[in-house]
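Colleague: My questions will all concern the structure given below.
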Amino acid sequence: MANPPLIDIRKLCIGFSGRGGTILPVLHDVDLAVCRGESLGIVGESGSGKSTLALAAMGYLKHGLEKIDGEVIYDGVDMFARSPKELQRIRGGKLGLIPQNSGQSLTPTLRIGQQIDEVLHLHCTLPKALHEARAIDLLTQVRLPDPRAILRRYPHELSGGQQQRVAIAMALAGEPDALLLDEPTTGLDVTTQAHILDLLRELAVTRKMAMVYVSHDLGVIARVCDRVLVLYAGETVLIGPAAEVLRDPAHPYARALLASIPRLCDQQLPRALNGRPPSPGSHHHGCAFAQRCALATETCRTERPPMTAGAGSQSTRCLYPDRVSEIDIRGGGGAVPMVCPADSPPALTLKDVTIRYQRPSLLARLRHRALNPATVEGISLTLRHGESLGMVGESGSGKSTILKAIAGLLAPAEGQILLDDNTLLGTTVERRRPDQLRRLQIVFQNPDASLNPRQSVAEILSQPLRLYFGLRGEALQDRMVALLDAVRLGASYLDRRPGQLSGGEKQRVAVARAFAADPRIVLCDEITSALDVSVQAAVLELLNDLKRVHGTAFIFVSHNLAIVRVLSDRVAVLYQGRLCEIGPTAAVYSQPSHPYTEVLLSAVLEPDPDHAPRLLTEDRAELSPPERGCPFQRRCPVKAGAICETDAPPWQETGNGHAIRCHLPLTALQNRICG
Amino acid sequence: MFALIVRRLALGLITIGLVSVIIFLGVEALPGDACTAVLERDAVGEALEKCRETMGLNTPALTRYGAWIGGALHGDFGLSANGQERISDLVGFRVRNSLLLAAGALSVGIPLALCLGTLAALRRDTWVDILFSTGAILAMTIPEFVAATLLILIFAIWLGWVPAIVLTPADAQPLEFFPEFILAAVVLTMLMVAHIMRMVRSSMIDAMASDYVQMATLKGVPYWRIVFRHALPNALLPAINVIALTVAWLLGGVVVVEVVFNYPGLGRLLVDAISGRDLPVVQAITMIVAATYVGVNLFADILSLALNPRLRSHQMRVR
């Protein structure tokens, strides 16, 4: 190595004091080195200690954590040995951080301009008079439109993507030599994510920064990093060049992780990684991954493997680096998705459903003032018995709004929602009969918020069983155990409370609760997006099983196109609350397709170093749909002309129930845009 | 923003109007009226009729309500029942005295509460925090008449530093109350500081644990700058409404404390009026207190709208 590493972490151990004063390690003997101009990705599941590691690189530990051993050397000096004054000078200056959730990391009561100015004031030698010009320059660098206006805004007045860009601009304000990124794109839309990563790559090249990039998403790592470090239960298990780690990782965990990621071209479900990592701080003697490893032997359970050379230039913490290739890394090695027969009768019909959040005030009604365009407009859909319908779109596309209307949590302004195709459902829950409520169940995105933390799993499950079926005593108990078995949790979970379950287990309880009502239709609102990839694969498998066994119909809302693909019979693409395209999954994911579908598909990140997402349109937050014409007119890369702004596009059928709503002729949509 | 304030103001006026109706009806529903109270045992036959005629009590309720509210709008609450005094004269000085007491307590109490609350939050779980928090609980749980009596015992009787009770008449110059009203103000300050401090402490702890404070630390912002610029403005927002309630409580006349210290404020006048069955005075004081509550809370609402950008644009969007 020509130049010494800028960030050099040696034998770092971090832990917290448990009950009884024992110290439980969260990070165990971690080494890493990053040079100027190099980018290192840190990958791991939640609880693997990856964020702790990134923050430790700044000499910062969250409340309750303490450094047990090791050094964090930045620019030749240990960060933990520096004085508070020195730390203040380095943090935000030469060493910048881009946080996971910019929305919460920007101070809500300060304007963007004030917050950027603060960094300039602390870390920049420019005279005060030039600060504003510099701030505008920074915001332009991160490609924010109208930077002058943004300086005067408050954080909550920006979209998620814009907040993330402001956070990047703020880190750049200190002219950093090294940048730490803690899941900077998690929670953003695919298109926004692709744009932000593109920007970061460009910045890394032009400014020759050292970057440490923390993520659970191997696709993101593939896109931005030179080297990858895989963290498992607070230990480095694999380190190597990104291309090698993604093509042929030399550790069983990394291989299983790769196999659990659904990819766009997959025909089958991803393979789930069973079990869960040892809880942080729990003692283990052998290899931490031994319990979940297909290759594990008795030696693995007793002997902690050292770092050894693996395939290519990787080093791996595995006793059998020669045998790891036995584990398949291809995705889609899991179950075959259950397909619903095309002639099954309708289970749910939506006719011209329109939803408004804004209620016209009395004054506006008297003055006959025109309403803003509705949030969701003219949605007509049929869901067949046993079918799963995927709904995709960016945030703000109205996916969740439509689910809420179907579930009766939000009354549509116009249109009808029918069970089968004949029973009109009441607009809200209060107006529906119990058996109608029973047939329609919903599973929410965040199980932490949708399960009552004070109730045990038994109480949670018994509610629908008592209410709809009047079950008592032994019958109730048997049914609850059967439900838990169906979601692959045992009877032992009955007494637990949500706080004692992992994220994946909680989501399974939420699914079990929905199935307790023996529903015909289950609405799933981004149910896997809060979960780790390995857990996500298990939940997908579960839904597929339930579909096969019970013949339940699903509406599956997600922004992850790969997940929607493996699980859905048909897919509907939404933009700004309007349908753009609908049809059988295979047809929607191939040509011809709506320009917006094309934009979404191109932006997908795959865990493949050779795959680069294409950015077909600028990413812009649209607050409300246009009043006339095509909803996608403002961002469309292949706009047909003025007609897009004046007339609503017609539905064009391609056969087999596939329809595209666009002014362009199908022949023009046949070819991939730009390529 | 302007339209929003106007709307809040209109809602406040409607509330006061409703309160006036309720007060009027409440007094109407009581057995007897001003005349029976004044005449006592002679309230029979001709004397009662005559009295009612002179006081205008035999006109319909609606007319009397109209006359009362019309007068009240001009600051004229009519005549008191027993002394035949003008209520506005009677109440005027009392309002001023209560304001004086409140101003004394607030000017010391609010800054003190903010400092103590912030300090307790920053030194969470240390002896500083434990001391302050225990003190606050004590101040809140000991009834104010007990605290007042103890203070009188210690500072007035044992130490003899300040007079025990107020002997100055209601219409004296403000400065004449000076050494006498200190103990009363101290009791009120203690109570007020306890309430506000606890609120500030808990919201400051939340703010210091937030992602934006962590981010500010990792931006290299110095500690005290984080406290004052990033954490405190956010922590104060939930405290504003608690402060408003406390202020309203102080301005509305603190009955117990005023009675214990014989302080000639609104609260004591209310007690006197009730025991003398002087219904017009009771009506007037209740009305003033209600208007104060509405006014102070309105002010707090507008203040938190002005200070909280999130609330502000949310309200704008809803509108």
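The values are calculated or read from the model by the stated rules, or taken from the named source; none is laboratory data. Note that this is a predicted model, so its numbers are computed, not measured. No Cβ is skipped: glycine too gets one built from the backbone with ideal geometry, and neighbour counts run over all protein chains shown.
Colleague: Here is a check on your reading of the model: is B:Ile14 out of contact with any helix residue (DSSP H, G or I) (no Cβ under 6 Å at 6 or more places or on another chain) and closer than 16 Å to B:Gln283 by Cβ?
Modeller: No, not satisfied.
Colleague: Could you please let me know if B:Arg229 is basic (Lys, Arg) and at positive phi?
Modeller: no
Colleague: Run down B:Ser107, B:Ser133 and say which single residue is touching a residue at least 60 places away in the same chain (Cβ under 8 Å), within 30 Å of B:Leu188 (Cβ to Cβ), among the small types (Gly, Ala, Ser) and part of a helix (DSSP H, G or I).
Modeller: B:Ser133
Colleague: Have a look at B:Thr217, B:Thr189 and point out the one that is free of Cβ contacts under 8 Å to residues at least 60 places away in the same chain and either β-branched (Val, Ile, Thr) or in contact with a Gly (Cβ under 8 Å, 6 or more places away or on another chain) (or both).
Modeller: It is B:Thr217.
Colleague: Identify, from the list A:Ser313, A:Ser279, the residue that is of a type outside the set (Phe, Trp, Tyr), at pLDDT 85 or above and out of contact with any Leu (no Cβ under 6 Å at 6 or more places or on another chain).
Modeller: Exactly one residue qualifies, and that residue is A:Ser313.
Colleague: Just one of A:Leu501, A:Leu476, A:Leu489 is at pLDDT 85 or above, touching a helix residue (DSSP H, G or I) at 6+ places or on another chain (Cβ under 9 Å) and either of a type in the set (Asp, Glu) or on the phi < 0 side of the Ramachandran plot (or both); which is it?
Modeller: A:Leu476
Colleague: Among the residues of region A:105-123, is any within 30 Å of A:Val26 (Cα to Cα), within 11 Å of chain B (Cβ to nearest Cβ), in contact (Cβ under 8 Å) with a residue 24 or more places away in the chain and not in a helix (DSSP H, G or I)?
Modeller: Looking through region A:105-123, at least one residue is within 30 Å of A:Val26 (Cα to Cα), within 11 Å of chain B (Cβ to nearest Cβ), in contact (Cβ under 8 Å) with a residue 24 or more places away in the chain and not in a helix (DSSP H, G or I).
Colleague: From the list B:Ala239, B:Ala244, which residue is over 30 Å from B:Leu153 (Cβ atoms), at pLDDT below 90 and out of contact with any Ser or Thr (no Cβ under 7 Å at 6 or more places or on another chain)?
Modeller: Checking each option against the conditions leaves just B:Ala244.
Colleague: Quick one: in region B:215-235, of everything that is aliphatic (A, V, I, L, M) and more than 9 Å from chain A (Cβ to nearest Cβ), which residue is nearest to B:Val289 (Cα to Cα)?
Modeller: Of everything passing the filter in region B:215-235, B:Ala235 is nearest to B:Val289 (Cα to Cα).
Colleague: Tell me, yes or no, whether region A:160-167 has at least one residue that is out of contact with any Asp or Glu (no Cβ under 8 Å at 6 or more places or on another chain), among the β-branched types (Val, Ile, Thr) and under 27 Å from B:His230 (Cα atoms).
Modeller: So far as region A:160-167 goes, yes, one or more of its residues are out of contact with any Asp or Glu (no Cβ under 8 Å at 6 or more places or on another chain), among the β-branched types (Val, Ile, Thr) and under 27 Å from B:His230 (Cα atoms).
Colleague: Could you say whether any residue in region A:163-177 is crowded, with 21+ Cβ neighbours inside 10 Å, away from chain B (no Cβ under 14 Å) and in a helix (DSSP H, G or I)?
Modeller: yes
Colleague: Take region A:540-590 and flag every residue that is of a type in the set (Gly, Ala, Ser) and assigned to a loop (DSSP other than H, G, I, E, B).
Modeller: Hits for region A:540-590 are A:Gly551, A:Ser558, A:Ser568, A:Gly577, A:Ser590.
Colleague: Quick one: A:Ala288 ticks every box in (1) in contact (Cβ under 8 Å) with a residue 60 or more places away in the chain; (2) out of contact with any helix residue (DSSP H, G or I) (no Cβ under 7 Å at 6 or more places or on another chain); (3) surrounded by 20 or more Cβ atoms within 10 Å (Cβ to Cβ); (4) assigned to a loop (DSSP other than H, G, I, E, B) except a single one, so which number is it?
Modeller: (1)
Colleague: Determine whether region B:259-268 contains at least one residue that is more than 9 Å from every other protein chain (Cβ to nearest Cβ), β-branched (Val, Ile, Thr), buried (at least 20 other Cβ atoms within 10 Å of the Cβ) and closer than 21 Å to B:Ala37 by Cβ.
Modeller: Taking every residue of region B:259-268 in turn, none turns out to be more than 9 Å from every other protein chain (Cβ to nearest Cβ), β-branched (Val, Ile, Thr), buried (at least 20 other Cβ atoms within 10 Å of the Cβ) and closer than 21 Å to B:Ala37 by Cβ.
Colleague: Also: Of all the residues that make up region A:433-457, how many are surrounded by 19 or more Cβ atoms within 10 Å (Cβ to Cβ) and either of a type in the set (A, V, I, L, M) or without any contact (Cβ under 8 Å) to a residue 40 or more places away in the chain (or both)?
Modeller: So the count comes out to 6.
Colleague: Within region A:36-56, does at least one residue satisfy the condition of being without any contact (Cβ under 8 Å) to a residue 40 or more places away in the chain and surrounded by fewer than 21 Cβ atoms within 10 Å (Cβ to Cβ)?
Modeller: Looking for residues that are without any contact (Cβ under 8 Å) to a residue 40 or more places away in the chain and surrounded by fewer than 21 Cβ atoms within 10 Å (Cβ to Cβ), one finds none in region A:36-56, hence no.
Colleague: Within the set of pairs 6 or more residues apart or between chains, which connect a residue that is farther than 16 Å from A:Glu526 by Cβ inside region A:401-412 to a residue that is of a type in the set (Gly, Ala, Ser) with Cβ atoms less than 6 Å apart?
Modeller: Close Cβ pairs satisfying both conditions: A:Pro412/A:Ala405.
Colleague: I need the full set of residues from region A:73-104 which are among the aliphatic types (A, V, I, L, M), crowded, with 22+ Cβ neighbours inside 10 Å and either at the interface with another protein chain (Cβ under 10 Å from one of its Cβ atoms) or in contact (Cβ under 8 Å) with a residue 40 or more places away in the chain (or both), in order please.
Modeller: A:Ile90, A:Leu95, A:Leu97, A:Ile98
Colleague: Would you confirm whether any residue within region B:240-255 is within 14 Å of chain A (Cβ to nearest Cβ) and either over 14 Å from the mean Cα position of the chain (by Cα) or assigned to a helix (DSSP H, G or I) (or both)?
Modeller: Within region B:240-255 (the criterion being within 14 Å of chain A (Cβ to nearest Cβ) and either over 14 Å from the mean Cα position of the chain (by Cα) or assigned to a helix (DSSP H, G or I) (or both)), the answer is yes, since at least one residue qualifies.
Colleague: If you go through region B:50-89, how many residues are touching a strand residue (DSSP E or B) at 6+ places or on another chain (Cβ under 7 Å) and in contact (Cβ under 8 Å) with a residue 40 or more places away in the chain?
Modeller: Within region B:50-89, residues that are touching a strand residue (DSSP E or B) at 6+ places or on another chain (Cβ under 7 Å) and in contact (Cβ under 8 Å) with a residue 40 or more places away in the chain number 2.
Colleague: Does region B:185-200 contain at least one residue that is closer than 26 Å to B:Arg229 by Cβ and within 14 Å of another protein chain (Cβ to nearest Cβ)?
Modeller: no
Colleague: In region A:592-613, is there at least one residue being out of contact with any helix residue (DSSP H, G or I) (no Cβ under 9 Å at 6 or more places or on another chain) and surrounded by 19 or more Cβ atoms within 10 Å (Cβ to Cβ)?
Modeller: yes
Colleague: Do we have any residue at all in region A:187-204 that's in contact (Cβ under 8 Å) with a residue 24 or more places away in the chain, within 14 Å of another protein chain (Cβ to nearest Cβ) and either hydrophobic (A, V, I, L, M, F, W, C) or part of a strand (DSSP E or B) (or both)?
Modeller: No, that holds for no residue.
Colleague: Would you tally the residues in region A:141-159 being under 17 Å from A:Gln100 (Cβ atoms) and surrounded by fewer than 20 Cβ atoms within 10 Å (Cβ to Cβ)?
Modeller: Within region A:141-159, residues that are under 17 Å from A:Gln100 (Cβ atoms) and surrounded by fewer than 20 Cβ atoms within 10 Å (Cβ to Cβ) number 1.
Colleague: Restricting to region A:138-158, and then to whatever is free of Cβ contacts under 8 Å to residues at least 24 places away in the same chain and out of contact with any helix residue (DSSP H, G or I) (no Cβ under 8 Å at 6 or more places or on another chain), can you tell me which residue is farthest from the other protein chains (Cβ to nearest Cβ)?
Modeller: A:Asp146
Colleague: Restricting attention to region A:28-60, and to residues there that are part of a helix (DSSP H, G or I) and either away from chain B (no Cβ under 14 Å) or not hydroxyl-bearing (Ser, Thr, Tyr) (or both), which single residue is nearest to A:Cys287 (Cα to Cα)?
Modeller: By that ranking, first place goes to A:Lys50.
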